[in-house]
1. What's the number of the only condition in (1) surrounded by fewer than 18 Cβ atoms within 10 Å (Cβ to Cβ); (2) closer than 15 Å to Ser4 by Cα that Glu48 fails to meet?
2. List, please: which pairs have Cβ atoms under 9 Å, are six or more places apart or on different chains, and start with a residue in the stretch 144-157 that is surrounded by fewer than 10 Cβ atoms within 10 Å (Cβ to Cβ) and end with one that is modelled with pLDDT under 80?
3. Could you check the stretch 150-198 and list, in sequence order, the residues that are touching an Asp or Glu at 6+ places or on another chain (Cβ under 6 Å) and either farther than 19 Å from Ala105 by Cβ or in a loop (DSSP other than H, G, I, E, B) (or both)?
4. Go through the stretch 88-101 residue by residue and tally those that are open to solvent by 60 Å² or more (accessible area, probe 1.4 Å) and not β-branched (Val, Ile, Thr).
5. Considering Leu180, Leu165, Leu104, which residue is closer than 30 Å to Ala36 by Cα and open to solvent by less than 20 Å² (accessible area, probe 1.4 Å)?
6. Can you name every residue in the stretch 12-59 that is among the charged types (D, E, K, R) and either on the phi > 0 side of the Ramachandran plot or not in a helix (DSSP H, G or I) (or both)?
7. Considering only residues that are out of contact with any Lys or Arg (no Cβ under 6 Å at 6 or more places or on another chain) and surrounded by fewer than 13 Cβ atoms within 10 Å (Cβ to Cβ), which ones fall in the stretch 107-122?
8. Of everything in the stretch 5-20, what is surrounded by 15 or more Cβ atoms within 10 Å (Cβ to Cβ) and either in contact (Cβ under 8 Å) with a residue 24 or more places away in the chain or not hydrophobic (A, V, I, L, M, F, W, C) (or both)? Give them in sequence order.
Amino acid sequence: MEESLLQILSRYVSPKAAESLVRRAAGEEPPRTPEAWARVIEETLWPELARLLPFREMPPELRDLVRELKRLTPPEPEAREGPEGEEGLPEVVDLEDPAARQALAGRLARLEGVVGVAVAAGGGREERFAGEPVPLDPVHLLLQRQGYGVFYALLEGKVVALRPLARGYVALVARKESNLGQLLQALKRLVAPAEVGE
């Protein structure tokens, strides 16, 4: 992958400059997957190249390489946490139980790209935010009137996803480049004890 990239860049800059560009873009730990290389090219290397040379858009060879790298990326498994693919199974969560709220918030906060979690119930709430908390109660109350199942939106450059559960809700705030499918899957599998007759 790196070799192909260097060959393409050498058409526009010297081989030494191409190597330097790739080394700077890749950082200290070079990407290990085609997807990671595609991301490095799009997010770091291309802006740097556009700054150095009078390009209006990404050169076709570079664009083709990015497309090829993305094609080589295996589809993300829909859901797999444990060896048995447990993540696809429903997870019963009692939001009225403080320990359950805390455990759920802690687990969801570790999902890739997540910068905030709110687990709210009639009897209390658990919040984890990397910065300023996002006021999610008004959004939930507004959507509740429309009987929503799962809601997501892009808000101030971040993805906000909410799922009503029993008398409360679970919400995630993540960076906009996060895997939205994975975040929604994590929310959709949550069920209240009443839904399974517990």
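The values are calculated or read from the model by the stated rules, or taken from the named source; none is laboratory data. Keep in mind that this is a model prediction, so the values were computed, not measured. Note: ideal-geometry Cβ built from the backbone for every residue, glycine included; neighbour counts use all protein chains shown. To get the accessible areas, we keep the full protein, side chains included, count just its heavy atoms, and leave off ligands, DNA and RNA. Shrake-Rupley method; radii C 1.70, N 1.55, O 1.52, S 1.80 Å.
1. Looking at each condition in turn, Glu48 falls short on (2).
2. That search, which allows pairs on different chains as well, returns Glu156/Val134.
3. Arg189
4. To start, the set of residues in the stretch 88-101 that are open to solvent by 60 Å² or more (accessible area, probe 1.4 Å) comprises 89-90, 92, 94, 96-99.
Retained after the next criterion (residues that are not β-branched (Val, Ile, Thr)): 89-90, 94, 96-99.
Number satisfying all stated conditions: 7.
5. On the way: Leu180 fails: open to solvent by less than 20 Å² (accessible area, probe 1.4 Å); Leu165 fails: closer than 30 Å to Ala36 by Cα.
Just a single option satisfies the conditions, and that option is Leu104.
6. Residues of the stretch 12-59 that are among the charged types (D, E, K, R), as a first pass: 16, 19, 23-24, 28-29, 32, 35, 39, 42-43, 48, 51, 56-57.
Within the stretch 12-59, Glu28, Glu29, Arg32, Arg56, Glu57 qualify.
7. Arg110, Glu112
8. Result: Leu5, Ile8, Leu9, Tyr12, Val13, Glu19.
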